[in-house]
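Written out below as structure tokens is the structure these notes cover.
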Amino acid sequence: GAVVSQHPSRVICKSGTSVKIECRSLDFQATTMFWYRQFPKKSLMLMATSNEGSKATYEQGVEKDKFLINHASLTLSTLTVTSAHPEDSSFYICSARGGSGSWTDTQYFGPGTRLTVL
Amino acid sequence: KNEVEQSPQNLTAQEGEFITINCSYSVGISALHWLQQHPGGGIVSLFMLSSGKKKHGRLIATINIQEKHSSLHITASHPRDSAVYICAVSEYGNKLVFGAGTILRVKS
């Protein structure tokens, strides 16, 4: 099946710094990428949807200036957590959808990035 | 009430047992997904279905659109099946709405 990678897999940073997480589709072109956040023992929550070459659409309650999303190419989307605080510590997962961009296309999930803010 | 409800929340089975995980949803959907998340966190998409039944190896997924219900079955369960199984539905459009997940532990 299609492969989506995330980098880094784990990051620890100091409060106030910014952290960038990359999401790559390795063997297909992703017209749409999704960013999710998962708290311990909770399910995934959609943060934003990004389409290549256009601005991301953020879910209600997600600060777009804090969680910067860039989908500059059909194989790469980045999530930057700016001025990170301990409450931003979480597991961040991306998914990518290729094909025609229809709902019938499967979403392929990345392995996730665990962010710890000290 | 959550839009996607899964049951059971936790399930412990003996190796070889037949396992069923249920998912009920309350919204109109275009598709339903079953996902598997291992302890390391990575998620694998098992099935996407909008009607009927799909089978892949020892896994079977069914959906009843009228009853807004889906089941994931695992035949001849094995310890390596231990994971969190998540039901998610696509509302008309892009978004996936996730269930809380079912923690499955298969003992040898």
(message) Using protein chains only and a probe of 1.4 angstrom, how many square angstrom of B:T62 are accessible, to the nearest 10?
(response) 40 Å²
(request) Mind ranking B:I65, A:I12 by accessible surface for me, highest first, 1.4 Å probe? (result) A:I12, B:I65
(request) Could you please put B:R80, A:R114 in sequence from largest to smallest accessible area, using a 1.4 Å probe? (result) B:R80, A:R114
(message) Rolling a 1.4 angstrom probe over the protein chains, ignoring ligands and nucleic acids, what is the accessible area of A:K66 in square angstrom, nearest 10?
(response) 30 Å²
(request) Name the aspartates and glutamates eligible as straight-distance cross-link partners of A:K55: C-alpha to C-alpha under 16 Å, and not fewer than 8 places from it in the same chain. (result) A:E63, A:D65
(message) Net charge around B:S70, counting only other residues with Cβ within less than 13 Å of its Cβ (Lys, Arg = +1; Asp, Glu = -1)?
(response) +1
(message) Give me the percent of accessible area attributable to carbon and sulfur for region B:23-79, probe 1.4 angstrom.
(response) 54 percent
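The values are calculated or read from the model by the stated rules, or taken from the named source; none is laboratory data. This structure is a prediction, so every number in the text was calculated from the model and none was measured. Neighbour counts run over all protein chains shown; Cβ positions are idealised from the backbone, glycine included. Surface areas here come from the heavy atoms of the whole protein model, side chains and all, with no ligands, DNA or RNA. Shrake-Rupley method; radii C 1.70, N 1.55, O 1.52, S 1.80 Å.
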